[in-house]
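Engineer: Let me give you the structure first, and then I'll get to my questions.
The values are calculated or read from the model by the stated rules, or taken from the named source; none is laboratory data. No experiment lies behind these values; they were computed from the predicted model shown. Virtual Cβ from ideal backbone geometry, glycine too; neighbours counted across all protein chains shown. Protein only, heavy atoms only, side chains kept; ligands, DNA and RNA dropped before computing areas. Shrake-Rupley method; radii C 1.70, N 1.55, O 1.52, S 1.80 Å.
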Amino acid sequence: MLAGGSIYTVALLMVLIVSQQDERRAVDAIVVLGAAQYNGRPSPVLRARLDHGLELYREGLAPRIVVTGGVGRGDTTSEATVGRNYLVSHRVPASAVVVQPQGRSTQASMAAVADWLASEHLTRVLLVSDPFHMLRLRLEARRHHLEAYTSPTGSSPISDNPVLELRYLAAEALKIPVAWVRSIVSRPTSHPTAS
């Protein structure tokens, strides 16, 4: 129990530390992780992520934005498609938005992004999501041999609610040991151009 408690405490500290780091820089693509959408409209959480990705794009940090997220239970439209429509409605050229709707989890979304990047001979990405999500995204990107940097949104409704944010941070810390082990021992080998 002591060892488990120590591992959890370290994981929670790392989640907190990485959640505060903004590594924005020039990359090949900005990747916005999906979140819920409601009948074709982004949820407040997804909108905050998209707005942050839009800000980074307008800063000229990448020539394209990749949007992720599959079709949720009861939905007919993918989170990625809703993200694309939102960005295009905010004057991002349709040709600059890449839709990756295959995944309904962080792992599946990152695998789809890595496959697309490999097909385009690209490796450098700037990952956008909520602050609590940043460390696990880095680990998943490492698992897929990507050169990844993170830039958390500062306007998520999750971050605006301290109790809710603490709940997400605590839950994320439980996932980190598994994500860390996966990033070391189960690296995919299907991305030779990204190695």
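Engineer: Give the residue, chosen from ASP51, ASP115, ASP75, that is out of contact with any helix residue (DSSP H, G or I) (no Cβ under 8 Å at 6 or more places or on another chain), open to solvent by 20 Å² or more (accessible area, probe 1.4 Å) and under 23 Å from GLU165 (Cβ atoms). Talk me through it step by step, then tell me what you get.
Structural biologist: Details: ASP115 fails: under 23 Å from GLU165 (Cβ atoms); ASP75 fails: under 23 Å from GLU165 (Cβ atoms).
Only one candidate passes the filter, namely ASP51.
Engineer: Could you count how many residues in region 56-87 are closer than 19 Å to GLY154 by Cβ, assigned to a helix (DSSP H, G or I), free of Cβ contacts under 8 Å to residues at least 40 places away in the same chain and under 16 Å from the mean Cα position of the chain (by Cα)?
Structural biologist: Within region 56-87, residues that are closer than 19 Å to GLY154 by Cβ, assigned to a helix (DSSP H, G or I), free of Cβ contacts under 8 Å to residues at least 40 places away in the same chain and under 16 Å from the mean Cα position of the chain (by Cα) number 1.
Engineer: Same structure again: With touching a residue at least 24 places away in the same chain (Cβ under 8 Å) and under 24 Å from SER78 (Cα atoms) as the only criterion, which of ARG124, ARG182, ARG138, ARG142 stands out?
Structural biologist: Working: ARG124 fails: under 24 Å from SER78 (Cα atoms); ARG182 fails: under 24 Å from SER78 (Cα atoms); ARG142 fails: under 24 Å from SER78 (Cα atoms).
Going through ARG124, ARG182, ARG138, ARG142 in turn, the sole match is ARG138.
Engineer: Are any of the residues in region 152-166 open to solvent by 30 Å² or more (accessible area, probe 1.4 Å) and in contact with a Ser or Thr (Cβ under 7 Å, 6 or more places away or on another chain)? Talk me through it step by step, then tell me what you get.
Structural biologist: Looking only at region 152-166, we keep the residues that are open to solvent by 30 Å² or more (accessible area, probe 1.4 Å), and these are 154-155, 157, 159-166.
Now restrict to residues that are in contact with a Ser or Thr (Cβ under 7 Å, 6 or more places away or on another chain): 165.
Within region 152-166, one or more residues are open to solvent by 30 Å² or more (accessible area, probe 1.4 Å) and in contact with a Ser or Thr (Cβ under 7 Å, 6 or more places away or on another chain).
Engineer: Among the residues of region 94-109, what is the count of those that are in a helix (DSSP H, G or I) and not small (Gly, Ala, Ser)?
Structural biologist: If we filter region 94-109 for residues that are in a helix (DSSP H, G or I), which is where we start, we get 94-96, 106-109.
If we keep only those that are not small (Gly, Ala, Ser) too, we end up with 106-107.
So the count comes out to 2.
Engineer: Test VAL98 against the stated conditions and say whether it is touching a residue at least 60 places away in the same chain (Cβ under 8 Å) and hydrophobic (A, V, I, L, M, F, W, C). Give the steps one after another, and end with the answer.
Structural biologist: Details: touching a residue at least 60 places away in the same chain (Cβ under 8 Å): yes; hydrophobic (A, V, I, L, M, F, W, C): yes.
Considered against the rule, which asks whether it is touching a residue at least 60 places away in the same chain (Cβ under 8 Å) and hydrophobic (A, V, I, L, M, F, W, C), VAL98 comes out as yes.
Engineer: Then there is this: Taking region 10-32 as the search range and keeping residues that are hydrophobic (A, V, I, L, M, F, W, C) and either within 14 Å of the chain's Cα centre (by Cα) or closer than 18 Å to MET110 by Cβ (or both), which one is surrounded by the fewest Cβ atoms within 10 Å (Cβ to Cβ)? Explain how you work it out, then say what you get.
Structural biologist: Taking region 10-32 first, the residues hydrophobic (A, V, I, L, M, F, W, C) are 10-18, 26-27, 29-32.
Within this subset, residues satisfying the condition of being either within 14 Å of the chain's Cα centre (by Cα) or closer than 18 Å to MET110 by Cβ (or both) are 15, 18, 27, 29-32.
Numbers: VAL15: 24, VAL18: 21, VAL27: 23, ALA29: 23, ILE30: 27, VAL31: 31, VAL32: 31.
Top of the filtered list is VAL18.
Engineer: Between a first residue in region 153-175 that is at pLDDT below 95 and a second residue that is of a type in the set (D, E, K, R) and open to solvent by 40 Å² or more (accessible area, probe 1.4 Å), which pairs have beta carbons less than 6 Å apart while being 6 or more apart in sequence or on different chains?
Structural biologist: ILE158/GLU165; SER159/GLU165
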